[in-house]
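Have a look at the structure below, then the notes.
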Amino acid sequence: MRIVVVVLLSLLGLILQTTIFSHLRFFGMIPDLVLILTVCFALLRGATEGAIVGFFSGLLEDMFSGQSLGINAISKMLIAYVIGLTEEKVYKENPWVAVVALLVATILDNLLAIFLYKTFFTLPNLGFTTFNRVLWPAILYNIFLAPFVYIKLYSWLSKPKHY
Amino acid sequence: MSQLFNSRRLIILITLVALLLTVIGLTKDRPEFSLIEKAVLDFTAPLQKGFTKITNSARSTWQGIAEIRHLKRQKEDLAKQVRNLRDENRQLKEQYLENQRLRMLLEFRERIPYNTVVAQVIGRSADNWFSFITIDQGTEDGLKKGMAVVGTNGLVGQISGVTEHTSRVLLILDQNSAVSGLIQETRENGIVEGMIKPNSYLVMKGLPRDAKVKKGDHILSSGLGGIFPKGLFIGRVAKVEDEPYGISKRALVTPAENFNSLEEVLVITNNRPLKESLPGQEVNQ
């Protein structure tokens, strides 16, 4: 149930990313709400659930991006899995955990994406300069939004369940 | 790390990655969207449309607000500029008028055969009973009590009190003022006195019953009494009438000088003319 809700939230995030946030750019970049949601969820629920959310949310993102399916699914799933492995080792009450996690996750996500794009597509212009220009604003935007998402998710997931 | 390598889920993960890599390869050059993609995109399209609508209207509202702010700022700037320019314009106009007045005064000063000191009017009578002005020159500038004061149009009055840097000038309009006058056309003498306010006429008293004075005649100072030099223009006769007891005639005189707009005056510092001709004589010619 939680997984479905978070995947649906990712869908909402994607809609926001393609509408509102395309006007709220930071140095030309939009935030990766799917990554933020997936990573925060993985931090709170662990590697398995995180990876499942990452897989489906990433697949949705692939559908929205119009490229070949799977690139975001792989990166989100793997990142959520790795971040999720730390679930029991982190102090969950502290939203700074999300900031650090998103810092690592954004770098990994962009590295993976660039690696996969380079592997499957002929993109001669996609190099270190582009990567550098995209990465830093993306990191800042993501880590800025991360605590808000994390706090919301944390309070929702720590509520006692009645079903 | 053991959790990472020993877990069954790791096998699933690797399988999924491999599967996805295949999917990437397969969907790389696909001619059209898959059924699931179509369904997802169609499902989310109305939502996207709604959000875009909201975003656009928020954006246009924001732009409107920004534009209003910009216009407001521009308006304030322009209003300020207009204020400054108006101030500047006023000052320039004032300077222009002062310049004109001073030029007239200078021309007048050159015409009259006396030594004069230019003074600015800095104050006027504080009550309704007396008519005087205060000027910005005093004993330091060589001014003394009793000196005659003229404007560009005619006689103004005499200095009735003096300090180091200011002088009080009793206007010929004041009821306490008396100037020995001469009718230029008929050469008849009389005393020109001021009248109680709000009367702006002067009255020339002591004219003989058979005086030939008529409306429009010029009244000059006669020089008798030694205060006012001879030949300074006082005004024109406005009306001739009999004195209340019928012994003599009197003439109501419109002063030549406009006392309300007096701003600069000349103080005559020597009573004796430097040249032969007097302005009064010029009028006569």
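Summing charges over neighbours of B:T186, with a neighbour being any other residue whose Cβ is under 15 Å away from its Cβ, gives +4 when K and R count +1 and D and E count -1.
Structural descriptor for segment A:94-161: relative contact order 55 percent, calculated from alpha carbon pairs under 8 angstrom and at least 6 residues apart. Here's the picture: a label point sits 7 Å out from the Cα of B:Y245 along the beta-carbon direction, and within segment B:199-216 the residues with their amide nitrogen under 15 Å of it are B:206-207, B:209. Scalar couplings 3J(HN,Hα) for segment B:168-174, obtained by applying the Karplus form with A = 6.51, B = -1.76, C = 1.60 to θ = phi - 60°, are 9, 10, 7, 6, 5, 6, 5 Hz; x denotes Gly and Pro.
Just to verify a number: FRET efficiency for B:T52 and A:F144, C-beta to C-beta distance, R0 = 22 Å, to 0.05? Mind showing how you got there, number by number?
Working: r = 24 Å, r/R0 = 1.07.
Efficiency at R0 = 22 Å is approximately 0.40.
Spacing of the modelled spin labels on B:K75 and B:A18, each 7 Å from Cα toward Cβ, amounts to 7.2 nm.
Please build a GNM for chain B, connecting alpha carbons under 10 Å apart, and tell me which residue among B:N56, B:N99, B:N153 fluctuates the most. Maximum among the listed residues: B:N56. Does a label point 7 Å from the Cα of B:D29, set along Cα-to-beta-carbon, have any residues of segment A:42-80 with amide nitrogen under 16 Å, and which are they? A:68-69, by backbone N distance to the label point.
Please arrange B:M204, A:M1, B:M147 by how many other C-beta atoms lie within 10 Å of their C-beta, fewest to most. Please list the in-between numbers first.
On the way: B:M204 29, A:M1 7, B:M147 22.
Placing the least packed residue first, the sequence is A:M1, B:M147, B:M204.
Which net charge results for the neighbourhood of B:Y96, defined as the other residues with beta-carbon distances under 12 angstrom from its beta-carbon, given Lys and Arg at +1 and Asp and Glu at -1? Please list the in-between numbers first.
Details: positive: B:R90, B:K93, B:R101, B:R103; negative: B:E94, B:E98.
Summing Lys and Arg as +1 and Asp and Glu as -1 gives +2.
Taking the number of Cβ atoms within 10 Å of each Cβ as an exposure proxy, the fewest-first ranking of A:T130, A:T106 is A:T130, A:T106. With neighbours defined as other Cβ atoms within 10 Å of a residue's Cβ, the residues A:D62, B:D242 order from fewest to most as B:D242, A:D62. Simple spin-label estimate for B:E88 and B:I11 gives 8.9 nm between the two label positions (7 Å along the Cα-to-Cβ direction from each Cα).
Rounded to the nearest 10 degrees, the angle from helix B:8-27 to the longest Cα principal axis of chain B is 70 degrees.
Using the Karplus relation 6.51 cos²θ - 1.76 cosθ + 1.60 with θ = phi - 60°, the per-residue 3J(HN,Hα) values for segment B:259-268 come to 6, 6, 10, 6, 10, 10, 9, 10, 9, 7 Hz, with x marking Gly and Pro. Taking each residue as 0.36 nm, the span from B:L102 to B:A178 lengthens on full extension beyond its C-alpha to C-alpha distance by 24.5 nm. Judged by the gyration tensor of its Cα atoms, with axes a ≥ b ≥ c, segment B:180-273 is oblate; a/c meets the 1.5 cut and b/c is at least as large as a/b.
Work out the FRET efficiency for B:K212 and B:N260 from their Cβ-Cβ distance, taking R0 = 41 Å, and round it to the nearest 0.05.
Working: r = 32 Å, r/R0 = 0.79.
Approximately 0.80, to the nearest 0.05.
The H on the amide N of B:L232, modeled in the peptide plane, is under 5 Å from the matching H of B:S221, each at least 5 residues off or on a different chain.
Axis angle, to the nearest 10 degrees, between helix B:35-111 and the longest C-alpha principal axis of chain B: 10 degrees.
So for chain A, averaging the separation of alpha carbon pairs under 8 Å that are six or more residues apart and normalising by length, what relative contact order in percent results? Mind showing how you got there, number by number?
Details: 222 pairs, mean separation 41.5, N = 163.
The normalised contact order for chain A reaches 25 percent.
When the listed pairs A:K76/A:K118; B:K93/B:K144; A:K76/B:K49; B:K145/B:K214 are checked against a 25 Å cut-off, the alpha-carbon distance exceeds it for B:K93/B:K144; A:K76/B:K49; B:K145/B:K214. Between B:L41 and B:H165, residue separation times 0.36 nm minus the direct Cα-Cα distance comes to 35.2 nm.
Sum up the charges of everything whose Cβ sits under 14 Å from the Cβ of A:F120, counting Lys and Arg as +1 and Asp and Glu as -1, but leave A:F120 out.
Taking every Cβ under 14 Å from that of A:F120, the sum is +1.
Here the Gaussian network model covers chain B, with springs between Cα atoms less than 10 Å apart; of B:P244, B:P113, B:P229, B:P244 fluctuates the most.
Partner shielding of B:54-66 amounts to 1, given as the average count of beta-carbon atoms from other chains within 10 Å of each residue beta-carbon.
Only the coordinates and a few stated rules stand behind these numbers; no lab work does. These numbers come from a predicted model, not from an experiment. Cβ: placed from backbone, ideal geometry, glycine included. Neighbour counts: every protein chain shown.
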